[in-house]
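Here the structure is laid out as C-alpha cells; the discussion comes afterwards.
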Amino acid sequence: MNRRGFLQLMGASSVVALTASCNRNGLVTGTLPGTTDLARFPEKTELILLTDRPPQLETPIHYFRQDLTPNEAFFVRWHLEGIPTSVDLRSFRLNVSGHVRQPLQLSVDELRSRFYPISIVAVNQCSGNSRSFFEPRVPGGQWKHGAVGNAKWTGVPLKSILDRAQVKAGAVDVSFNGLDAPPLPSIADFVKALSIDHARDGEVMIAYAMNDQPLPMVNGFPLRLIVPGWYGTYWVKALSDIAVLPQPFSNFWTDKAYRIPTAPNGTESPKELAKDTIPINRFNVRSIFVRPEAEEIVHPGIPNEIEGVAFDSGYGIRRVEVSTDGGANWADARLDPEIGKYSFRRWRTSWTPRTRGQYRLMARATNAVGETQSKAQWNRSGFMWNVIQQVDVKVA
Amino acid sequence: MRQKPNIFVLSLGLLALLGGCGDPANTSQQYDHGIARAKMDSMLDSNADSPVHTIVMPHDEPAFPPGPGRDEFVTACVVCHSPRYITMQPRFSRTTWLSEVKKMKDVYGAHISDEQAVQITDYLFSINGKAGTGQGPKGTYGE
C-alpha cells in the first residue's frame, strides 16, 4: 500500500479519520513515478491504485491470461467525486425521455422481463489507456496498459428500448446520464451522447449483467451503456437517464473533453498542436503482451510461451506478428479462435532463446481492413495509444 | 509546520457533504433514482437478496507536507478530488502545472481566484516539479 514518502491512512471513511489524515503532515521526499500502489475497493480484488477519490483502478496484466476479465479485477474509472455508493432497486428507474412519443420509466426487473435479452463479448478500454507511455509525458490518469478489460455483457439492445419509447421523426442524438454527480454546481455533470443511428444499430446495449453477474457498483451497477468497439468514455455507468434529442448534443464532456486530432491514431506534434479536433470514437488496433511481462526473466534453451491479446473496433484481428529481436525479424503468432468481433483475440507463440542476454520482444496486430499499429504517436491528451509494444526481457 | 486547523475542518466538512460520505442524520432518505445515502456506520456490503445495494468507499489519501500554497491547495483542489491526482503525475514543469490549475479553474469550474491559482501552482511545483523548470512564469498567472 505504501507510496514512498507519503503518510497514508486506510480504513474508516469517517470525517474523524479524514481530519486525522489531513492534520498529520507527511513529507513528500521521493520521486513518485514508478511506484505501484495496490488497493482493494468494495467488490474488487487488489488493483493498481491511480486515485482513490473518485476511484481510478487499473487491472494487473496477469488477469488477461483469462479471456474474460473477472468482474473483481475489471478496471475502474470515474470522473466526478459524487459516485453512487447505494442503489435501491425498488425505486431505481431508467428514464427515457425527450423526443419520443412514449416516455419510459423502467425498473431493472422490467428491463429483464419485458425485453428480449442479448449477450455480447466486448472489450472496454479507457481513452487514456497506456497514457504513461507518451513522451513527452502528458497530464492525466497515468495508466499503464491495464485500463482495459474484456467481458460478456448481457442486457437489452438500446434499439429495443428506443423503439418501445417511439422515437419521433427528426431525432439527431441520444444522450446518456448516470447517477454520478459533480461535487460543485459549477462543474459539468458527466453526460455523453451517440448519434441516433449509432444508438439504434442493434449492438449498443444496456447491460444489467457482466460475466453473468450483476455489475460491481464501481463498474456501473445496476445498468451500464455498452458501446462495442468504442472507447470507454461512452460506456456510461449507473445509467439512469436517456434523452432523445432533436438537435446535436452539446456539453463540456463532448465539446471540450475527450477530443482527438483528426490525423490517424489521433496523432499531433507537441510543437504544433492540431487545430481541428473531433470527439474520440472507435478503438484503433492494438496488441498487449500478457506474458512475459516487462522485466520478466526467461530461460535459454527451452521453449517459452509468449502470449498476448489483440483487439480493434470490430473489424476483427486477422494477424499478429511477433519479433524477438527488437523488430529486425517478424513471425506470425497463432491466433486462438475468435470469441466475438469485439472481444480480445488471444495470440500465442513459442520462443526458445539460444543465448543469455537482453532481448526486446515486440508484437504488431493487423485487422481485417488492414489497420495496424503505430510506430510513433503523441497527442496532448494521451489518448488512443497503440504504439507497437516493446517488452524487454532478460534471458538468464 | 504551518497549519490552519479551522480551514481544514471547514474544507473537510464541505468534503463530507459533497463527497458522498453520507447524510449522518438520515439512514433511509431516498434521493432521485433511488440513491440512498445511508448513515456511515450502517453501510455494509449488501447481500444478494437485498434490493438495496450499498458499498463503503475506502479513503486512502496521502497527506501533503507543509509549504506555501498548501492551504489553498487543500481548500480549492482536495474538495473535489483526492491529492492522488497530483501524486500519480510525473514531475512536470511549472508551466505544465500552471496550465493544469488553469484548466481546473477555467474549464472544469473549480472555484479558484487568479491569486490562488498562482499559489497552488507554486505548491504543486514545489512538491512534484521537474528540476530546472521553475524559472518561467513563477509568481504570475500569465502564460
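Only the coordinates and a few stated rules stand behind these numbers; no lab work does. The shown structure was predicted, so the numbers you read here are calculated from the model rather than taken from an experiment. In this analysis, Cβ positions are derived from the backbone assuming ideal geometry, glycine residues included, and neighbour counts consider all displayed protein chains.
Of the listed pairs A:LYS152/A:LYS256; A:LYS44/A:LYS237; A:LYS394/B:LYS130, which have alpha-carbon separations greater than 26 Å here?
Table pairs above 26 Å Cα-Cα are A:LYS152/A:LYS256; A:LYS394/B:LYS130.
Per residue, what volume in Å³ does the Cα convex hull of segment A:268-396 take up?
Normalising the Cα hull of segment A:268-396 by residue number yields 119 Å³.
Relative to a virtual label point 7 Å from the Cα of A:GLN102 in the Cα→beta-carbon direction, which members of segment A:197-231 show backbone nitrogen distances below 16 Å?
none
Shape call for segment B:70-128 from the C-alpha gyration tensor, a ≥ b ≥ c root eigenvalues: rounded (a/c under 1.5), prolate (a/b greater than b/c) or oblate?
Working: a/c = 1.38, a/b = 1.20, b/c = 1.14.
Note, shape of segment B:70-128 comes out rounded.
Within the set of other residues whose C-beta is less than 12 Å from the C-beta of B:PHE92, count the net charge using Lys and Arg as +1 and Asp and Glu as -1. Write down the numbers at each step before the final one.
Working: positive: A:ARG137, B:ARG91, B:ARG94, B:LYS130; negative: B:GLU100.
Summing Lys/Arg as +1 and Asp/Glu as -1 gives +3.
So if I take the centroid of the Cα atoms in segment A:339-396 and the same for segment B:75-130, what is the distance between those two points in Å?
One Cα centre to the other: 35 Å.
For A:180-187, what's the mean count of beta carbons from other chains sitting within 10 Å of each residue's beta carbon?
Neighbouring Cβ atoms belonging to other protein chains average 5 per residue here.
Sort out for me the Cα centre separation of segment A:268-303 from segment A:217-231, rounded to whole Å.
Centre-to-centre (Cα) distance: 23 Å.
Going through segment A:137-237, which trypsin sites (Lys or Arg not before Pro) have at most 15 other Cβ atoms within 10 Å and a DSSP loop state?
Answer in residue order: A:LYS168.
Write down the Kirkwood hydrodynamic radius of chain A, to one decimal in angstroms, obtained as one divided by the mean of 1/r over all alpha carbon pairs. All intermediate terms of the calculation are to be shown ahead of the outcome.
Values: mean 1/r = 0.0445 Å⁻¹.
Over chain A, the inverse of the mean reciprocal pair distance is 22.5 Å.
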